[in-house]
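Reviewing the structure listed below.
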Amino acid sequence: MFLVRYFVYSFNFKNIFKRVDEKMWKVIIYFLLLSMISLFPMNYLIVKEQGWRLDFIEQSFTITPNWELPENCGITANQLSCTTNIEYEYFHEGIIYIFNYQGNDYDLNKKQILFESNQIVYTNGEGARMIGYDYKGFEGPVNFREINLKSGQEKIDAYLAFGQSIENSFSNYIVIYALLVNTLINMSLYILFFVLLSFVLQLFRFGYSKFFRYIDSLKFLVFIMGVPAMLSFLVGFVEPAFSPVFFQFGMGLITMVVMLVYGKKEFA
C-alpha cells in the first residue's frame with residue numbers, strides 16, 4: 001500500500017528528493033493522514049472532555065431564576081412527563097424556556113430552549129438549532145415541585161444542577177462541533193504553513209544550478225512531515241498545547257537540515 005511506502009520514505013532523508021515524482025493525489029491523502037495523526041491527541045482530549053462547553057446555559061443559572069415550575073411536570077426515565085397539554089413559558093437571561101412544548105416546528109429566529117416529551121431543542125435565534133435526545137444530560141429524575149419548595153442555597157444548587165443537565169443534553173453536538181472546528185482550523189494552519197515554507201524553500205534556487213518546482217517542494221515537505229507528525233502525536237498525549245509547537249519546529253528544523261546536508265548533492 002502506498003501509504004506504508006510513503007511512511008518509509010519519510011524516514012529516508014537521503015533519498016527523499018527522489019520522491020517528488022509521486023502523484024499529487026496520493027501525496028494529498030498522505031498529508032491528510034499525517035495531519036490526523038498529529039491532531040489525534042487534541043481530538044481525543046476533546047472527546048474525553050465532552051467538547052468545548054456551551055457554558056452560557058449553565059452560566060446563566062448562576063443567577064437563580066424566579067420561576068414557579070409546573071408541578072404537574074417532571075423529568076423521569078429520560079422523558080419529560082406532564083399531566084396536561086399546556087405549555088409553560090419562562091424567560092431567563094435572554095433565553096425563552098418552554099416546558100411541555102406542543103408545536104410541530106421551531107422558530108429559529110428566537111433564542112429558546114424547548115422541552116418536549118423526549119427531547120430538548122435549542123434554537124440560537126440565528127437560524128440554527130441543536131437537539132438533545134432522551135434527556136441524556138439528566139442523570140436522575142427531576143421533581144419540579146421539590147425545586148419549587150427549596151429555598152436559599154439548596155434552591156441555588158438545584159438550579160445550577162438543572163442548568164448543567166440542560167447543557168449536558170447537547171454534549172453529542174458539542175463534541176462533533178468541537179472536533180470539526182479543531183480539525184479544520186489546524187488543517188488550514190498546516191496548509192498555510194506548507195505554502196509559506198515552500199516559498200522559503202524556493203530561495204535555495206539562487207544557490208543551485210537546478211532546483212525542483214514549487215509543486216515538487218510541496219510534495220517534498222509532505223514527505224518531511226512524517227517525523228514531526230509522530231513527535232507531535234507523542235508530545236500531544238503529555239501536553240496537548242505543545243503539540244503544534246513541536247510539529248512546526250520539527251518541520252522547519254528537519255527541512256533545513258535535509259536541504260543543507262543532502263541538497264548540495266542533489267542540486268549541485
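The values are calculated or read from the model by the stated rules, or taken from the named source; none is laboratory data. These figures come from a predicted structure and were not determined experimentally. Glycine gets a Cβ as well: all are built from the backbone with ideal geometry, and neighbour counts include every protein chain shown. The area values use the complete protein model at the heavy-atom level, side chains included, leaving out ligands, DNA and RNA. Shrake-Rupley method; radii C 1.70, N 1.55, O 1.52, S 1.80 Å.
I'm checking my understanding of the structure. Among residues of segment 97-106 that are at pLDDT 90 or above and assigned to a loop (DSSP other than H, G, I, E, B), which one is least open to solvent (accessible area, probe 1.4 Å)?
Taking segment 97-106 as the starting set, the residues that turn out to be at pLDDT 90 or above are 97-102, 106.
Narrowing further to those that are assigned to a loop (DSSP other than H, G, I, E, B): 100-102, 106.
Working: 100: 19, 101: 39, 102: 84, 106: 50 Å².
Step by step, filter segment 97-106, then rank; the result is 100.
The residues on offer are 15, 85, and the sole one that is open to solvent by 90 Å² or more (accessible area, probe 1.4 Å) and either assigned to a helix (DSSP H, G or I) or not small (Gly, Ala, Ser) (or both) is 85. Is it the case, given these coordinates, that residue 259 is within 25 Å of residue 8 (Cβ to Cβ), in a helix (DSSP H, G or I) and more than 22 Å from the chain's Cα centre (by Cα)? Judged against the criteria, residue 259 is a match. For segment 179-209, residues that are over 15 Å from residue 36 (Cα atoms) and in a helix (DSSP H, G or I) total 16. Has segment 186-205 got any residue that is under 16 Å from residue 40 (Cα atoms) and buried (at least 17 other Cβ atoms within 10 Å of the Cβ)? Checked against the condition, which is being under 16 Å from residue 40 (Cα atoms) and buried (at least 17 other Cβ atoms within 10 Å of the Cβ), segment 186-205 yields at least one hit.
Looking at 140, 127, which is the one that is at pLDDT below 90, within 21 Å of residue 56 (Cα to Cα) and in a loop (DSSP other than H, G, I, E, B)? Walk me through it before giving the result.
Numbers: 140 fails: within 21 Å of residue 56 (Cα to Cα).
It is 127.
Within segment 215-248, the set of residues being in contact (Cβ under 8 Å) with a residue 12 or more places away in the chain and either outside any helix (DSSP H, G or I) or open to solvent by 70 Å² or more (accessible area, probe 1.4 Å) (or both) comprises 225, 231, 237, 246, 248.
Results for (1) buried (at least 16 other Cβ atoms within 10 Å of the Cβ); (2) in contact (Cβ under 8 Å) with a residue 60 or more places away in the chain, shown as yes or no for each residue.
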{"site": "3", "(1), (2)": "no, no"}
{"site": "9", "(1), (2)": "yes, yes"}
{"site": "19", "(1), (2)": "yes, yes"}
{"site": "34", "(1), (2)": "yes, yes"}
{"site": "56", "(1), (2)": "no, no"}
{"site": "62", "(1), (2)": "no, yes"}
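So which residues in segment 144-191 are touching a strand residue (DSSP E or B) at 6+ places or on another chain (Cβ under 6 Å) and within 29 Å of residue 244 (Cβ to Cβ), if there are any at all? Scanning segment 144-191 gives 170, 173. Given the criteria buried (at least 16 other Cβ atoms within 10 Å of the Cβ), in a strand (DSSP E or B) and under 33 Å from the mean Cα position of the chain (by Cα), does residue 113 qualify? Considered against the rule, which asks whether it is buried (at least 16 other Cβ atoms within 10 Å of the Cβ), in a strand (DSSP E or B) and under 33 Å from the mean Cα position of the chain (by Cα), residue 113 comes out as yes. Cβ separations smaller than 8 Å between residues 6+ apart or across chains give the following pairs from segment 109-133 residues that are at positive phi to residues that are assigned to a strand (DSSP E or B) and open to solvent by 30 Å² or more (accessible area, probe 1.4 Å): 125/111. Hey, among the residues in segment 119-157 that are of a type in the set (Val, Ile, Thr) and within 24 Å of the chain's Cα centre (by Cα), which one's farthest from residue 91 (Cα to Cα)? Here the residue is 131.
With the requirement that a residue be of a type in the set (A, V, I, L, M, F, W, C), assigned to a helix (DSSP H, G or I) and either in contact with a Phe, Trp or Tyr (Cβ under 7 Å, 6 or more places away or on another chain) or open to solvent by 50 Å² or more (accessible area, probe 1.4 Å) (or both), what does segment 162-178 give you? Before you say what the answer is, go through the steps one by one.
First pass over segment 162-178, keeping only residues of a type in the set (A, V, I, L, M, F, W, C): 162, 166, 170, 174-176, 178.
Next, from what is left, pick out any that are assigned to a helix (DSSP H, G or I): 162, 166, 174-176, 178.
Across segment 162-178, the qualifying residues are 162, 174, 176, 178.
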